[in-house]
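The values are calculated or read from the model by the stated rules, or taken from the named source; none is laboratory data. Every value quoted in this text rests on a predicted model; they were computed, and no experiment measured them. Every residue, glycine among them, receives a Cβ derived from its backbone with ideal geometry; neighbour counts consider all protein chains shown. Accessible surface areas use protein heavy atoms only, side chains included; no ligands, DNA or RNA. Shrake-Rupley method; radii C 1.70, N 1.55, O 1.52, S 1.80 Å.
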Amino acid sequence: FREVRLDGLYLLYERREDGSTRLDDLLASLEANMPPAEPELPTPPEEAGLFRFLVMQLAFLNGRLDYVDAVPPGGIEIAAGPLSVSVNNLNSLPDTSGDQEISLLIDGETRLDWRGDLQLNPLLATGNVGLQTADLGRYAAYLQQVLDINGLTARLDAGLEYQVAQRGDEIAVSVSGI
């Protein structure tokens with residue numbers, strides 16, 4: 001494909017007090033409405049690995065994510081957007097990489113930026129992730145579940161570099177520059 005572009009995607013992720021989610025409901029509904037499985041036919045042996053594909057430009061623009069969690073005391077609501085995802089040369093060709101860029105604004109002030117290179121065959125991903133002006137007090141309900149804190153007031157600016165690599169049947173992950 002030369003270009004795949006989706007504009008204005010919206011996702012609401014909601015976790016109820018009992019821990020169940022709308023996604024759980026959707027998956028249960030899909031499973032309940034699945035037709036009976038047909039017997040499998042023998043297939044000819046194929047070469048192992050990913051099927052071949054190439055997408056010159058994949059873009060999700062002006063996306064929005066609303067996250068509602070009723071599990072922690074007092075609950076948490078997070079509005080994230082605009083979300084922009086850009087991947088160039090996404091492919092499954094051996095030893096060929098593409099580049100990615102993801103940016104997300106959270107609650108109008110926290111910025112998440114993720115840039116890197118991505119190779120699928122074999123898996124190799126390198127890059128950096130940065131978080132700017134994250135208000136930790138906003139997420140105190142999660143922290144209070146594991147730490148005895150009240151009235152947390154703190155901001156976080158952080159970043160890291162990463163590498164994820166497939167080595168045989170194993171995946172190796174390294175993180176640096178935190």
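Scanning region 53-81 for residues that are part of a strand (DSSP E or B) and at positive phi, which turns out surrounded by the fewest Cβ atoms within 10 Å (Cβ to Cβ)? It would help to see each step written out before you state the result.
Restricting attention to region 53-81, the residues satisfying the condition of being part of a strand (DSSP E or B) are 54-69, 76-81.
Retained after the next criterion (residues that are at positive phi): 62, 81.
On the way: Asn62: 13, Gly81: 19.
If we take residues in region 53-81 being part of a strand (DSSP E or B) and at positive phi, then Asn62 is surrounded by the fewest Cβ atoms within 10 Å (Cβ to Cβ).
Identify the single condition in (1) open to solvent by less than 90 Å² (accessible area, probe 1.4 Å); (2) farther than 27 Å from Val146 by Cβ; (3) in contact with a strand residue (DSSP E or B) (Cβ under 8 Å, 6 or more places away or on another chain); (4) not small (Gly, Ala, Ser) that Glu14 does not satisfy, given that it satisfies every other one.
Among (1) open to solvent by less than 90 Å² (accessible area, probe 1.4 Å); (2) farther than 27 Å from Val146 by Cβ; (3) in contact with a strand residue (DSSP E or B) (Cβ under 8 Å, 6 or more places away or on another chain); (4) not small (Gly, Ala, Ser), the lone unmet condition for Glu14 is (2).
Name the residue that is nearest to Pro72 (Cα to Cα), counting only residues in region 18-42 that are open to solvent by 100 Å² or more (accessible area, probe 1.4 Å) and outside any loop (DSSP other than H, G, I, E, B).
Here the residue is Arg22.
Quick check on my filter: what residues within region 111-146 are open to solvent by less than 50 Å² (accessible area, probe 1.4 Å) and touching an Asp or Glu at 6+ places or on another chain (Cβ under 6 Å)?
Within region 111-146, Thr126, Gly130 qualify.
Which numbered condition in (1) of a type in the set (Gly, Ala, Ser); (2) within 23 Å of Gly159 (Cα to Cα); (3) touching a residue at least 24 places away in the same chain (Cβ under 8 Å); (4) open to solvent by less than 30 Å² (accessible area, probe 1.4 Å) is the only one that Gly108 fails?
So Gly108 meets the others, but not (4).
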